[in-house]
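Just so it is clear, none of the values below were taken in a lab; they were calculated from the coordinates. Note that this is a predicted model, so its numbers are computed, not measured. When we count neighbours, we look across all protein chains shown, and the Cβ atoms used for this are built from the backbone with ideal geometry, even at glycine.
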Amino acid sequence: MGILISYQRLEDDQLRVSFVACQVVALLLSLVFRYVLSAGRVGVTARHVFAAAVGMYMAYFCHRWQVIHFLTQSTVCYIIILSSKPSNMHKYVFLFSMLYLTLCHIYRTYYNFGTYTLDFTGPLMIMTQKVTSLTCALHDGLYRDDSSLSADQRKQAVRPLEYYSYVFYFPEVLAIDFNPFPPTDDLIIAAPLLTRFGYLHLSIMMARTKYYFAWSLADAVANAAGLGFNGYDENGNPRWDLISNLNILKIEFATSLKMLIDNWNIQTSLWLKRVCYDRAPSQPVLMVYVLSAMWHGFYPGYYFTFLGGAVMTPAFRKMRHHLRHHFQGTARLRQLYDVITFTSTHFFLNYTVLPFVLLDWEPTMKFYRSLYFSIHIIVLLVTVLLPYKKQPQPQYAATKTNGVRTDTNGMVGDHTGCNGTKINNNKVENGDIHVGHQGQNGTWSETFCLRERMLNGMKGFGVPEHNGISVTPNHVEKKVK
């Protein structure tokens with residue numbers, strides 16, 4: 001058994017080295033993709049072939065025969081897209097991809113219980129996001145009366161080369177999560193309560209650095225390819241945060257749970273919102289946390305963390321609604337409120353997240369007993385004792401900008417296309433469906449991208465550059481003949 005564990009650790013270390021090596025190579029190849037294979041030099045097909053081929057090779061280099069799981073999931077989902085009605089294909093793809101991911105998680109949990117191995121399930125989680133987001137975008141953008149959409153039109157909605165260049169896109173095919181496994185030390189357990197909370201804070205803060213490294217490297221690769229360009233700010237400076245996955249400073253200095261969630265694993269949060277929160281028939285917050293736990297796997301620690309988050313989110317809202325207005329009178333009170341909320345946010349966060357790191361039931365319960373289930377008790381008291389204060393719904397004034405209806409919070413409404421036709425954030429013009437909005441200088445992307453910056457896909461493929469910067473529209477353009 002000891003030999004087997006040693007071999008597994010050696011194999012895992014080799015995979016980590018392979019992952020970093022591939023990401024460094026991807027950083028260099030992104031420059032080739034942006035400048036040598038730019039839209040002005042080569043055709044769209046060449047860019048798709050390059051992106052798909054490099055991504056598949058990197059997946060094989062790191063995971064060898066396990067790459068068959070990526071091909072199986074993506075190919076079956078593609079067949080579902082071609083053969084299903086637009087009204088239901090997003091449901092079928094979601095069910096199949098989550099079922100396949102679930103079976104892989106169960107396999108990993110059964111054979112490697114209590115340890116974290118850097119295996120194929122990490123990239124498969126990201127691929128699950130991609131295929132489900134794609135079909136939701138297609139459903140929302142292309143859905144019409146089934147009788148008016150022919151089989152040929154459904155087939156033309158997504159071409160195979162474009163599809164595989166999206167799911168195997170090389171800057172992101174290996175951009176996976178790291179989960180450290182810190183041991184539970186009896187010396188720390190025996191320390192005073194405040195000391196234990198101090199160790200807890202330092203442990204989780206150090207654990208986050210692994211995620212910071214992986215996602216920052218992935219952002220660098222994507223930006224080197226010109227895919228992170230997000231227009232200009234109010235001062236005319238270029239923004240490169242289109243597909244960023246985190247904001248480190250806003251995470252470390254978050255003063256609310258919402259601020260922290262909005263800046264951590266941003267693309268996954270967008271995926272959860274689009275495929276679950278916006279579509280859940282009831283209890284959308286709870287459904288999001290349950291889906292997030294299932295997406296990660298089946299270790300008990302995942303469910304401690306995400307179900308704990310589902311309980312703590314409304315408790316945080318209650319505390320804020322009852323306390324915040326008492327601290328808005330002066331600047332000093334507002335600063336005091338920021339200090340209190342910063343401290344409480346990170347206390348609650350670290351307490352809730354540690355089971356995600358520990359994974360197993362026994363160390364999780366040992367940890368919670370050492371802290372006397374203190375945060376659980378506080379949350380229970382807040383939930384039971386504080387009355388619910390219903391917040392008035394804000395009224396938004398609708399405005400129009402370049403044919404896009406927005407409210408005062410910048411939320412995008414329906415596009416009004418030519419002849420006043422509306423199709424769920426799309427516009428119809430001369431029989432063509434344009435899903436999304438225009439890029440730089442009014443130029444539409446000439447290839448298949450994803451609606452609303454759909455999770456790090458093929459943004460920028462075939463889009464002309466502007467002053468050396470690859471223009472990246474946020475949405476999809478697709479012809480339906």
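In region 192-391, the alpha-carbon atoms span a convex hull of 165 Å³ per residue. Net length available on complete extension from residue 194 to residue 230 is 8.6 nm, with 0.36 nm assigned per residue and the Cα-Cα distance removed.
Using a cut-off of 27 Å between Cα atoms, the listed pairs 250/273; 318/366; 130/366; 210/273; 210/366; 130/210 include 318/366; 130/366 as exceeding that distance. When +1 charges are put on Lys and Arg Cβ atoms and -1 charges on Asp and Glu Cβ atoms, the dipole computed for region 192-391 relative to its Cα centre reaches about 680 debye.
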